[in-house]
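*Asks:* Below is one structure. I have some questions about it.
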Amino acid sequence: MIDLHCHPLPGVDDGAKTLEVAVAMCRMAAADGITHLVATPHSNYKYHYDREANLAKLKELQEAAGSEIKLLLGCDFNLSFDNLQRLPEKGRDYTVNGTTYLLVEFAEFFVPEQMTNVLYEIEVSGLTPILTHPERNPVFQRKPELLAEWVGRGYLAQVTAKSMTGGFGSKALRLAEQWLRQNLIHFFATDAHDLNYRPPILSECYQKVAELRGKGTADLLLCHNPLAVIEGKPLPPGLQPDEPPPTPKKSWFSFLRRRP
């Protein structure tokens, strides 16, 4: 399995606090069957993203953790105004392993009306947005049809593995299961921050996805799709949904349905 979203770099954000914890997270991930782990430090109003410093920390962590797991660099990229201003010239500094895939994080309680245009501008910059943990966002919990809208436009969705196993509550669990049936999920990732409450574990999610949709789907969402991302390749063909996504309701951003 490949984990596209994790916070093991010590001391750079709200993830691992020390090198010892970071090494333990890597070893826990390897023991769980994770072969590649993408370290994704936050870039938001609270945490500054320094690519060169993060690469140095990644190298230090790789040397300390050993060869059982391969570490790569990405970014948990908040869709703030300042961040978006950097994308045209510096976009590849934030992408997964220097590819065109960018993990994008919404504000916790707010999805602006102009977000469709924002995602389109990211695409115009030559990048493919991967929407991170929408199932945990209260706006998506109230308006789950938003994901169908944006996946229909070609954007990708990453759900937290622990949401699929109930660790983020009933609303996140219900959406994860619903979107899995509708084939709206492209990846599961740990979004791990520590060894206890948010550990780097994917196997439990893999097992549940295999039970609900079959081993082929579990392999696609936790192995093949993330492999394509870290290699900078197109995603392999998806599977047919068990149920179709809902027809998007007329919403507060319906006037933005057409691309500029």
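*Asks:* Identify the single condition in (1) aliphatic (A, V, I, L, M); (2) part of a helix (DSSP H, G or I); (3) in contact with a strand residue (DSSP E or B) (Cβ under 6 Å, 6 or more places away or on another chain) that LEU4 does not satisfy, given that it satisfies every other one.
*Replies:* (2)
*Asks:* If you don't mind, another one. Taking the stated definitions as given, is ALA107 free of Cβ contacts under 8 Å to residues at least 60 places away in the same chain, outside any helix (DSSP H, G or I), surrounded by fewer than 18 Cβ atoms within 10 Å (Cβ to Cβ) and of a type in the set (A, V, I, L, M, F, W, C)?
*Replies:* Answer is yes for this residue.
*Asks:* What pairs can you find where one residue is in the range 1-27 and more than 17 Å from ASP50 (Cβ to Cβ), the other is charged (D, E, K, R) and crowded, with 22+ Cβ neighbours inside 10 Å, and their Cβ atoms are less than 8 Å apart, with a gap of 6+ or different chains?
*Replies:* These pairs meet every condition: HIS5/ASP76; HIS5/ASP191; CYS6/ASP191.
*Asks:* Then there is this: Yes or no: the range 214-234 includes at least one residue that is more than 14 Å from the chain's Cα centre (by Cα), closer than 26 Å to ARG142 by Cβ and of a type in the set (D, E, K, R).
*Replies:* Checked the range 214-234: no residue is more than 14 Å from the chain's Cα centre (by Cα), closer than 26 Å to ARG142 by Cβ and of a type in the set (D, E, K, R).
This table checks each residue for (1) assigned to a helix (DSSP H, G or I); (2) within 25 Å of HIS36 (Cβ to Cβ); (3) free of Cβ contacts under 8 Å to residues at least 40 places away in the same chain.
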{"site": "PHE140", "(1), (2), (3)": "yes, no, yes"}
{"site": "TRP150", "(1), (2), (3)": "yes, no, yes"}
{"site": "LYS162", "(1), (2), (3)": "yes, yes, no"}
{"site": "PHE168", "(1), (2), (3)": "no, yes, yes"}
{"site": "ILE185", "(1), (2), (3)": "no, yes, yes"}
{"site": "TYR197", "(1), (2), (3)": "no, yes, yes"}
{"site": "GLN207", "(1), (2), (3)": "yes, yes, yes"}
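*Asks:* Which numbered condition trips up GLU60, out of (1) modelled with pLDDT under 90; (2) surrounded by fewer than 17 Cβ atoms within 10 Å (Cβ to Cβ)?
*Replies:* Result: GLU60 passes all but (1).
*Asks:* Another question, if that's okay. Quick one: which residue in LEU180, LEU212, LEU221 is farther than 18 Å from ASP76 by Cα, crowded, with 23+ Cβ neighbours inside 10 Å and in contact (Cβ under 8 Å) with a residue 24 or more places away in the chain?
*Replies:* Of the residues listed, the single one that is farther than 18 Å from ASP76 by Cα, crowded, with 23+ Cβ neighbours inside 10 Å and in contact (Cβ under 8 Å) with a residue 24 or more places away in the chain is LEU221.
*Asks:* Take SER203 and tell me if it is under 29 Å from THR18 (Cα atoms), surrounded by fewer than 22 Cβ atoms within 10 Å (Cβ to Cβ) and in contact with a Gly (Cβ under 8 Å, 6 or more places away or on another chain).
*Replies:* yes
*Asks:* Can you pull out every residue in the range 1-31 that is surrounded by fewer than 18 Cβ atoms within 10 Å (Cβ to Cβ) and either under 19 Å from the mean Cα position of the chain (by Cα) or aromatic (Phe, Trp, Tyr) (or both)?
*Replies:* ASP14
*Asks:* Given the condition over 17 Å from ILE2 (Cβ atoms), buried (at least 16 other Cβ atoms within 10 Å of the Cβ) and touching a helix residue (DSSP H, G or I) at 6+ places or on another chain (Cβ under 8 Å), answer yes or no: does some residue in the range 35-43 qualify?
*Replies:* Among the residues of the range 35-43, at least one is over 17 Å from ILE2 (Cβ atoms), buried (at least 16 other Cβ atoms within 10 Å of the Cβ) and touching a helix residue (DSSP H, G or I) at 6+ places or on another chain (Cβ under 8 Å), which makes the answer yes.
*Asks:* Still on this structure: Criterion first (at pLDDT below 90, assigned to a helix (DSSP H, G or I) and touching a helix residue (DSSP H, G or I) at 6+ places or on another chain (Cβ under 8 Å)) does ASN117 satisfy it?
*Replies:* yes
*Asks:* Test GLU145 against the criterion of being among the charged types (D, E, K, R), crowded, with 22+ Cβ neighbours inside 10 Å and over 22 Å from TYR47 (Cβ atoms), and give yes or no. Can you show your working first?
*Replies:* Numbers: among the charged types (D, E, K, R): yes; crowded, with 22+ Cβ neighbours inside 10 Å: no; over 22 Å from TYR47 (Cβ atoms): yes.
No, not satisfied.
*Asks:* Out of GLN62, GLN85, I need the residue that is part of a helix (DSSP H, G or I) and under 30 Å from VAL118 (Cβ atoms). Which one?
*Replies:* GLN85 is the lone residue from the list that is part of a helix (DSSP H, G or I) and under 30 Å from VAL118 (Cβ atoms).
The values are calculated or read from the model by the stated rules, or taken from the named source; none is laboratory data. Bear in mind the structure is a predicted one, so any value in this text is a computation, not a measurement. So basically every Cβ, Gly included, is an ideal-geometry build from the backbone, and we count neighbours across all protein chains shown.
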